[in-house]
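Notes for the one structure printed next.
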Amino acid sequence: MKRLFPLLFACLPLMAAAQDEKNDNTDPRYLAGAITYSTDGKVEFTHEIKVPSLSKDQLFSLLKDWAEKRFQPNGKTVSKVVYANAAEDDIAVAAEEYIVFNSSALSLDRTRIYYQLLLHADDGTCRLTMTRIRYWYDENRDGGQRYTAEEWIGDDMALNKKKTKLAPICGKFRKGTIQLKDELFQSATVALGQQLLNQSGVATPVQPAPAPNAAVPQTVPTVPLTPSIPLNATTELQETAIDRLPANLNEVAASGRLTLTAANGEEIDLKADNWGGFGQLFNKNVAYLLLAQNRIAANALLEQSDSYKISFYTAGQTQPSIVIECKKSMSQKMTADDLKALNVQTDNAQTYTMYMGEVNRTLMR
């Protein structure tokens, strides 16, 4: 415990009132329960990404691409992929970077953080584990101080006695570590979604930026579709090839009706702008829906369904003219900024979930 003394008393709750924090240190994201541990008592954070349609080999390849881009030496810190075993579908990263607490023209308050990131792929899911977390603080002053996450960011050190507020010194380490963990897991999830979208060939929008309350503009289908053709509502639905569907599905939905039907028969109306178009992923046809998070019922239906139908109704008709049957491949939460990186224009005030489904069957009248 001797090496804890230089900062120990600054971490005690009795000193909490001595510092006026600009940020809210009572955010429950950083309080009791925020730090998780492995079975051997080490601070450890885990995150699981579900992508039901992808094999472990496909996920391993995508995760490896993300890790090699995210973790590279930069001249100041050294981070790199140290192990990638395709036979075991495991990837290990040795990471070193800075957490900056405060930066100004007169001072820079930061710590080096070292950690290990383990990535494991399996069929339909991948697991990320952040572990072996250590810090090197105030390194330019007499060699600084070194701490482990176990001794430094646990509840006893980093929270006040009532567990209602972060302590001023250890608390900032805890908060910064949790923020880094969240950024890492979100980066992997978004990058995985982006790589899937890039491989599937999702096209860029052809409409201008939406109005403030609009959802998502239409996209150009990347599966070649036939020109606009008349739909005969009096005939029976018949199975057809995806490339025989008309290219103006957004127009059909805008002038008529678009619905989403779960496997249990529950049906809900969508907006024309929720239709994202077709693409191809690993030589399979996929269909996209993009829903704002405030579409609670539609999101809940898709989250709870492994298979679903997307139905297009022409104006004035009570029977669908086109039905697309899908098996859910993945769902990806994305901010407006995330989608802009994919050249998709969205409402900045909204957050979204993109749903990708493998197309099992397409029917048309």
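The values are calculated or read from the model by the stated rules, or taken from the named source; none is laboratory data. None of the values given here were measured: they were computed from a predicted structure. Quick reminder, even Gly has a Cβ in these numbers, built from the backbone with ideal geometry, and neighbours come from all protein chains shown. Please note that ligands, DNA and RNA were not included when accessible areas were found on the heavy atoms of the full protein model with its side chains. Shrake-Rupley method; radii C 1.70, N 1.55, O 1.52, S 1.80 Å.
For His120, what is the net charge nearby, where nearby means another residue's Cβ is under 15 Å from its Cβ and Lys, Arg count +1, Asp, Glu -1?
-4
Within the set of other residues whose C-beta is less than 10 Å from the C-beta of Asp109, count the net charge using Lys and Arg as +1 and Asp and Glu as -1.
+1
Step through the table entries Lys50/Lys80; Lys64/Lys284; Lys50/Lys327; Lys175/Lys333; Lys56/Lys333, compare each Cα-Cα distance with 18 Å, and write down the pairs that go over it.
From the list (Lys50/Lys80; Lys64/Lys284; Lys50/Lys327; Lys175/Lys333; Lys56/Lys333), the Cα-Cα distance tops 18 Å for Lys50/Lys80; Lys64/Lys284; Lys175/Lys333; Lys56/Lys333.
Can you give the FRET efficiency to the nearest 0.05 for Leu237 and Ala86, using r as the Cβ-Cβ distance and R₀ = 56 Å?
In this case the efficiency is close to 0.80.
Tell me the per residue accessible area of the stretch 101-169 using a 1.4 Å probe; a whole number in Å² is fine.
In whole numbers, the stretch 101-169 has 52 Å² accessible per residue.
On the protein heavy atoms, probe 1.4 angstrom, tell me the percent of accessible surface of the stretch 253-354 carried by carbon and sulfur.
C and S fraction of accessible area: 44 percent.
Just tell me which aspartates and glutamates come within less than 15 Å, Cα to Cα, of Lys328; anything on the same chain fewer than 8 places away is out.
Qualifying aspartates and glutamates at Cα under 15 Å: Asp123, Glu303, Asp306, Glu358.
So if R0 is 35 Å, what FRET efficiency would His47 and Asp109 give, r being the distance between their Cβ atoms, rounded to the nearest 0.05?
0.80
Send over a whole-number figure in Å² for the accessible area per residue of the stretch 266-365, probe 1.4 Å.
Per residue, the stretch 266-365 has 41 Å² of solvent-accessible surface.
Which of the aspartates and glutamates could a cross-linker bridge to Lys42, judged by Cα under 19 Å and excluding same-chain residues fewer than eight apart?
By straight Cα distance, Lys42 reaches Glu96, Glu150, Glu151, Asp155, Asp156, Asp182.
Only loop residues by DSSP count here, and only those with at most 15 other Cβ atoms within 10 Å; note down the chymotrypsin sites (Phe, Trp or Tyr not before Pro) in the stretch 278-359 that meet that.
Loop-located and lightly packed - Phe282.
Find out how many positive minus negative residues lie around Glu358, taking Lys and Arg as positive, Asp and Glu as negative, among other residues whose Cβ is under 15 Å from that of Glu358.
+3
What figure, in Å² to the nearest 10, do you get for the accessible area of Arg70 with a 1.4 Å probe and non-protein molecules left out?
About 60 Å², ignoring ligands and nucleic acids.
Taking R0 as 25 Å, what FRET efficiency do you get between Tyr37 and Ser187 from their Cβ-Cβ distance, rounded to the nearest 0.05?
Given R0 = 25 Å and the Cβ-Cβ separation, E is 0.60.
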